[in-house]
Amino acid sequence: MGCTPTVPGFKAKEWKEMSRLQRIYSLFEDAVAGVFFFAGVTLIFYGVISRYVFKNPLFWVDEISTYILVWGCILGWSLAQRDGRHIRVNLLYDFLPLKIQRYVSIFASTASILFCLFLTYMGYLLEIKYVHTGQLSMNTQFPLWIVYFFVPLAALMLAVRFMEELYRLLKDGGKGWFKEKTREIADRNKGVVSHHGGGSSI
């Protein structure tokens, strides 16, 4: 009896319903965020061993490990949005009729896309500045254009996830969204927590 491979955050049915491109993109998100987080933690561990065991503190470890962990965190923005793990204020949202919830979610997703695109553009301008000036960090002389490269990239990846959500809200008049939301409400009434609730809330 075969089994359907999945990634963390997805049920087997959800993974099976995704297109090949969606699967590849989801795997890319998980891999990139995971690699940076693992590398950052490993580097910190190496720095601790070097300092307290071999009595040879490495001045560059703290700075580089901080960069790597921050990169992993901001690249995880889109992953958190995909899995519905961003903080949501649902106090009023959950009491609205489903039709109104959909309109609120459309507004929230649209506003989020605009914000992400704005952040992408501002990050791009900052990136261009550091590329042209060639500025380096004070302690390790690490190129700052590399440090800030991940800001517009992470914002763009997050925008893609909000666009995906907006598409689901608008497609076929939101039929898929209504179906998903109805299932989520039924699961909630049964005491099942869903991380893939449809739409953004404010």
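List of remarks:
- Here the gap between K190 and R20, fully extended at 0.36 nm per residue and compared with their Cα-Cα distance, gives a gain of 58.0 nm.
- Per-bin percent of Cα-Cα distances, segment 14-122 [10 Å]: 12, 26, 28, 19, 10, 4, 0
- Positive-end residue of V41, G76, V131, charge dipole of the chain with Cβ unit charges: G76
- All Cα pairs of segment 12-75, percent lying beyond 15 Å: 60
- The residue among L114, M157, Y103 whose Cα reaches farthest toward the positive pole of the charge dipole of the chain, with charges on the beta-carbon of Lys, Arg, Asp and Glu, is Y103.
- Evaluated at q = 0.14 Å⁻¹: base-10 log I(q)/I(0), Debye formula over Cα of segment 89-202: -0.67
- Chain lengthening between F45 and L92 when straightened (0.36 nm per residue, less Cα-Cα): 12.5 nm
- Neighbour counts of C-beta atoms inside 10 Å place F115, F37 in the sequence F115, F37, starting with the fewest.
- Mean ellipticity per residue at 222 nm, deg cm²/dmol - from DSSP H runs of n ≥ 4 across the chain, formula -39500 (n - 2.57): -24000 deg cm²/dmol
- Segment 12-75, dipole about Cα centre (Lys/Arg Cβ +1, Asp/Glu Cβ -1), debye to the nearest 20: 180
- Partner aspartates and glutamates whose Cα lies under 19 Å from the Cα of K175, excluding those fewer than 8 positions away in the same chain, are identified as E14, E17, D94, E164, E165, E184, D187.
- Within the chain, helices built from complete DSSP H runs that reach 24 Å or longer along their own axis (Cα positions) and carry a mean Kyte-Doolittle hydropathy of 0.0 or higher are 20-52, 59-75, 98-133, 144-170.
- Student exercise, the chain dipole from Lys, Arg, Asp, Glu Cβ charges, in Debye to nearest 20: 640
- The chain - percent relative contact order, Cα under 8 Å, separation 6 or more: 24
- Listed candidates [x] 0.98; [y] 1.06; [z] 1.01 - label of the one calculated as Rg/Rh (Cα atoms, Kirkwood Rh): [y]
Laboratory data are not the source of any read-out in this text; all were calculated from the coordinates shown. Model, not experiment: these values are computed from the prediction. Quick reminder, even Gly has a Cβ in these numbers, built from the backbone with ideal geometry, and neighbours come from all protein chains shown.
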